[in-house]
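Below is one structure, written out as C-alpha cells; comments come after it.
The values are calculated or read from the model by the stated rules, or taken from the named source; none is laboratory data. What you are looking at is a predicted structure, and each value in this text was computed from that prediction instead of being measured. Backbone-built Cβ (ideal geometry, glycine too); neighbour counts: all protein chains shown.
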C-alpha cells in the first residue's frame, strides 16, 4: 500500500496539529509529507526542526500558489487548515489541479460561498472532506444505527450545552479571531461557527434522515446573540431550530465563562434519552428506568479522520465522512442564527465579572447566572434575554430569509 502523498498549507495554529499527525502516519508508512508552505516560514524554525522537514525531504515554500505550481503532480492530498476566509480560494486551487482536499471545519460560514464550493467540488475526481472530527466515532455511529432502527423510538428533539472558557488573548491570537467580516468577505468566527462547530455538526447528525450519514435540514431558527469580549462577533449563542422532520434543536454555547469547561449532547426520543460527552462517556437513559453506559475510548479525531479519508482516496469506502454538501445544514443554521438574532447585544455590565487566572496569567469574563440560564433554556426553552439579559428573542428566520444574511452581518458590523 503506497503512502498518501500529502501537502499541508501552513505551519502555525491548527496546521501544526496536522503536521504532527502526518509525521506519525509517515512513521507507519501510511503517508508522506511532500511539501508545506507559510508566508512566515522563517518564524517556524523550531517547528521545522522538530518535524525534521529537511531530513524527510519536505519542500518548504513561501505561499500555497508557488507550492502547488511546483508540487501538484506529486500530491494525492492537499490539507487546508487555514483561516476561514481563505478556505474557498484554496479549495478551488486544489480542485482545479485535480488534488483531493482535506478542508478544516468550517468550510465557510457564508451559505452562498458554500454553494459555489459544492458545485466546484462536483468537478473533482474525489470529493473533499470537511474535518468535523467526531462523526466517525464508532460508539456514535453505533448509537445512530440503533436510533435509525427505531430502538429508542422516534427522535423528539436534541440539545447541545457547551461552555468553553476563553481568555481575552484568545481573541488576539490572529487577525481574524472573533471577526464578522474581513476585506468585505464574511468570516463569522465564533464559538458556534468555529470552536464548537464539531459539536453543533454532531447535533444535526443525530437528527438526520434515514441514512447513517445524513444531517437534519433546517426549517426555522430563533436566536439571541451576546458578547462580553471586545470583538466584532458574538461569544455567546442561545439558538432554537426547527428541523424539516419536525424536531426541535436547542444550542446554548459560550466563551464568556470561567472555570472548568463543559459540554454535553442530548437526544430526546420516545423511549429513551441519549447523552453523549465527547472524550468521556455516552449513556442511554430509558424511560423505564434502565441506564446503559457506554465507554468512549481510543479515539484520536485528527489522526482517525486522516486515516478514514485515506481509505476513501484508495477506493475502500464510497464517501468521505462529511462532504461539502453535508455541511450545508450547519452553515444554514449558523447564518440563520445571525439573521434571527439581528444584533449582538452586550451583556449588562452588572452581570459581568472579570477574573484573573494567576496560574495561567490570563483574564476571563464570567457572566452571573450563566449556568442557570443555560439549564432553563435547554430544559424549557426559556430565553435569557427577557429574563434579565436585556434583549428580546429573535423572530423566526427560515431559509427564505437567507438573502438577508449578508446585509444583517454588515449591519452588525456597523453597529459595533
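If you check residue 63 against the conditions, is it crowded, with 21+ Cβ neighbours inside 10 Å, assigned by TED's automatic domain parsing to the domain that holds residue 125, over 19 Å from residue 323 (Cα atoms) and within 27 Å of the chain's Cα centre (by Cα)? Give the steps one after another, and end with the answer.
Numbers: crowded, with 21+ Cβ neighbours inside 10 Å: no; assigned by TED's automatic domain parsing to the domain that holds residue 125: yes; over 19 Å from residue 323 (Cα atoms): yes; within 27 Å of the chain's Cα centre (by Cα): yes.
Criteria not met by residue 63.
Would a scan of the stretch 323-339 turn up a residue that is within 26 Å of residue 215 (Cα to Cα) and part of a loop (DSSP other than H, G, I, E, B)? Write out each step before concluding.
So the first thing to find is which residues in the stretch 323-339 are within 26 Å of residue 215 (Cα to Cα), and the list is 323-339.
Next, only the ones that are part of a loop (DSSP other than H, G, I, E, B) stay: 323-324.
Yes, there is a match, as at least one residue in the stretch 323-339 is within 26 Å of residue 215 (Cα to Cα) and part of a loop (DSSP other than H, G, I, E, B).
Restricting attention to the stretch 89-98, which residues are part of a loop (DSSP other than H, G, I, E, B) and crowded, with 21+ Cβ neighbours inside 10 Å? Reasoning before the result, please.
Taking the stretch 89-98 first, the residues part of a loop (DSSP other than H, G, I, E, B) are 97-98.
If the condition is that a residue be part of a loop (DSSP other than H, G, I, E, B) and crowded, with 21+ Cβ neighbours inside 10 Å, then no residue fits.
Return the only residue of 279, 315, 298 being surrounded by fewer than 20 Cβ atoms within 10 Å (Cβ to Cβ), more than 17 Å from residue 143 (Cβ to Cβ) and out of contact with any helix residue (DSSP H, G or I) (no Cβ under 8 Å at 6 or more places or on another chain). Break it down into steps so the answer makes sense when it comes.
On the way: 279 fails: more than 17 Å from residue 143 (Cβ to Cβ); 298 fails: more than 17 Å from residue 143 (Cβ to Cβ).
After ruling out the rest, the residue left standing is 315.
Say whether the condition of being buried (at least 21 other Cβ atoms within 10 Å of the Cβ), out of contact with any strand residue (DSSP E or B) (no Cβ under 8 Å at 6 or more places or on another chain), part of a loop (DSSP other than H, G, I, E, B) and in contact (Cβ under 8 Å) with a residue 24 or more places away in the chain is met by at least one residue in the stretch 145-160.
Checked the stretch 145-160: no residue is buried (at least 21 other Cβ atoms within 10 Å of the Cβ), out of contact with any strand residue (DSSP E or B) (no Cβ under 8 Å at 6 or more places or on another chain), part of a loop (DSSP other than H, G, I, E, B) and in contact (Cβ under 8 Å) with a residue 24 or more places away in the chain.
Looking only at the stretch 367-382, count every residue that is assigned to a strand (DSSP E or B) and out of contact with any helix residue (DSSP H, G or I) (no Cβ under 9 Å at 6 or more places or on another chain) and tell me the total. If you could, list the steps in order and put the result at the bottom.
Step one: list which residues in the stretch 367-382 are assigned to a strand (DSSP E or B), which gives 367.
Retained after the next criterion (residues that are out of contact with any helix residue (DSSP H, G or I) (no Cβ under 9 Å at 6 or more places or on another chain)): none.
Counting residues in the stretch 367-382 that are assigned to a strand (DSSP E or B) and out of contact with any helix residue (DSSP H, G or I) (no Cβ under 9 Å at 6 or more places or on another chain) gives 0.
Can you tell which of 399, 386 is in the same structural domain as residue 337 (by TED's automatic domain parsing), over 24 Å from residue 168 (Cβ atoms) and surrounded by 13 or more Cβ atoms within 10 Å (Cβ to Cβ)?
On the way: 386 fails: surrounded by 13 or more Cβ atoms within 10 Å (Cβ to Cβ).
The conditions single out 399.
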